[in-house]
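Beneath this line is the structure, given in structure tokens, with notes to follow.
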Amino acid sequence: MPPDLTRRSILMSGLLFGGALAGVDVVFQTAAARADNAWGSYANGYIPTSALAEIPWSDNGVQLLRSDALVALEDMNAEFVGSFGYNIPINSAYRDYQGQVEARAYWCAQGNCGNAATPGTSNHGWALAVDIGTPSHQTIAFGSTAYLWLKAQASRYGWVHPSWAEPGGAHPEAWHWEYNETYTPAPVAELFESDEMIRISAPNRGIAIIGAGYFRQLQDNEEVSAAESIVSKTLEGNDRQFDLWKSIAISGSSS
Ligand SMILES: [Zn+2]
């Protein structure tokens, strides 16, 4: 096997999960304070998509977040699916500057400018916020089962409902949730103890075979049963874990 896979997996974890900034105050933030969420030397709403990660289950167009926020959201989603039977519906995530201008114009036209931040100040522009909807992408309401579930569970994943969005807050929005950079994912297990091949699976990823420097997505039942004869070790996980295992397997080939 390639050397240093264990160390590589640790480095990989650091790449994916590190980079957390200092703790973020989640009370209502002024435009100036929101600039503290800046990262990567980017300006709000001007983050290149190559620096962001795509929410894999979105059925509402491409929705992007910073990768550590996405890891937390994916782990929360795994628990959400267990309770609701569907993925967390994402109405909106990263919003570029022009998108913030449009959102502001949309709400101002309805006489409610406060429902969208001043362009250039939204946490959507830092790729650290999501608007959560119903399965048909209506906004969720205070008192809805999804909102109540999030209020009870989301903070364990570092996703919080800012006080300004609470009932009685400056701009009540049941649907708006922000990542506060406090979530620590479970450590990644050491994958490769030898030259063994491992069968991995996840709900939205199907089944694949990985080894050091090797990844093969299985296409049909015939391939799955053929693989069973040569692979004894099996890992089942959520989509985020599947992607991580794949990354670690493939990255081994370049060392
Ligand atoms: Zn929002």
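Go through the range 216-255 and give me each residue that's modelled with pLDDT of 90 or more and either closer than 18 Å to residue 81 by Cβ or of a type in the set (A, V, I, L, M, F, W, C) (or both).
Of everything in the range 216-255, just one residue is modelled with pLDDT of 90 or more and either closer than 18 Å to residue 81 by Cβ or of a type in the set (A, V, I, L, M, F, W, C) (or both), namely 218.
Restricting to the range 202-255, name every residue that is among the acidic types (Asp, Glu) and closer than 22 Å to residue 70 by Cα.
236, 239, 243
Any residue in the range 88-108 that is in contact (Cβ under 8 Å) with a residue 40 or more places away in the chain and more than 21 Å from residue 135 (Cα to Cα) sitting within a Cβ distance under 8 Å of a residue that is among the aliphatic types (A, V, I, L, M) and not in a helix (DSSP H, G or I)? List the pairs, counting only those 6 or more apart or interchain.
Pairs found: 96/47; 97/43; 100/116; 100/117.
Give the residues of the range 224-255 that are without any contact (Cβ under 8 Å) to a residue 24 or more places away in the chain and surrounded by 15 or more Cβ atoms within 10 Å (Cβ to Cβ), sorted by residue number.
The one that is without any contact (Cβ under 8 Å) to a residue 24 or more places away in the chain and surrounded by 15 or more Cβ atoms within 10 Å (Cβ to Cβ): 224.
Test of understanding: among 136, 83, which residue is more than 14 Å from the chain's Cα centre (by Cα), surrounded by fewer than 17 Cβ atoms within 10 Å (Cβ to Cβ) and within 24 Å of residue 241 (Cα to Cα)?
Residue meeting the stated conditions: 83.
For the range 56-73, which positions are assigned to a loop (DSSP other than H, G, I, E, B) and in contact (Cβ under 8 Å) with a residue 40 or more places away in the chain?
Listed by number, the residues that qualify are 56, 57, 60, 63, 66.
Counting just the residues of the range 232-242 that are of a type outside the set (D, E, K, R) and either within 25 Å of residue 53 (Cβ to Cβ) or part of a helix (DSSP H, G or I) (or both), which one comes out farthest from the chain's Cα centre (by Cα)?
Ranking the qualifying residues of the range 232-242, first place goes to 235.
Taking the conditions exactly as written (surrounded by fewer than 22 Cβ atoms within 10 Å (Cβ to Cβ), in a helix (DSSP H, G or I) and within 13 Å of the ligand (Cβ to nearest atom)), does residue 125 satisfy them or not?
no
When both residues are 6+ apart or on different chains and their Cβ atoms are under 6 Å apart, which pairs have a first residue that lies in the range 163-179 and is in the same structural domain as residue 149 (by TED's automatic domain parsing) and under 19 Å from residue 90 (Cα atoms), and a second that is within 8 Å of the ligand (Cβ to nearest atom) and assigned to a loop (DSSP other than H, G, I, E, B)?
165/173
Rundown of residues vs (1) at pLDDT 95 or above; (2) farther than 14 Å from residue 76 by Cα; (3) surrounded by fewer than 20 Cβ atoms within 10 Å (Cβ to Cβ); (4) more than 16 Å from the ligand (Cβ to nearest atom), yes/no style:
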site: 152; (1), (2), (3), (4): yes, no, yes, yes
site: 162; (1), (2), (3), (4): yes, yes, no, no
site: 179; (1), (2), (3), (4): yes, no, no, no
site: 184; (1), (2), (3), (4): no, no, yes, yes
site: 187; (1), (2), (3), (4): no, yes, yes, yes
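Cβ-Cβ distance below 8 Å, separation of 6 or more or different chains: which pairs start in the range 136-155 with a residue that is within 21 Å of residue 183 (Cβ to Cβ) and end on one that is at pLDDT below 95 and acidic (Asp, Glu)?
153/79
For the range 200-223, which positions are within 29 Å of residue 79 (Cβ to Cβ) and either more than 29 Å from the chain's Cα centre (by Cα) or in contact (Cβ under 8 Å) with a residue 24 or more places away in the chain (or both)?
200, 201, 202, 203, 204, 205, 208, 210, 215 - these are the residues of the range 200-223 that are within 29 Å of residue 79 (Cβ to Cβ) and either more than 29 Å from the chain's Cα centre (by Cα) or in contact (Cβ under 8 Å) with a residue 24 or more places away in the chain (or both).
The values are calculated or read from the model by the stated rules, or taken from the named source; none is laboratory data. The model shown is predicted, which means the values in this text are computed figures rather than measured ones. Neighbour counts are summed over all protein chains in view; Cβ atoms, including those assigned to glycine, are modelled from backbone coordinates with ideal geometry.
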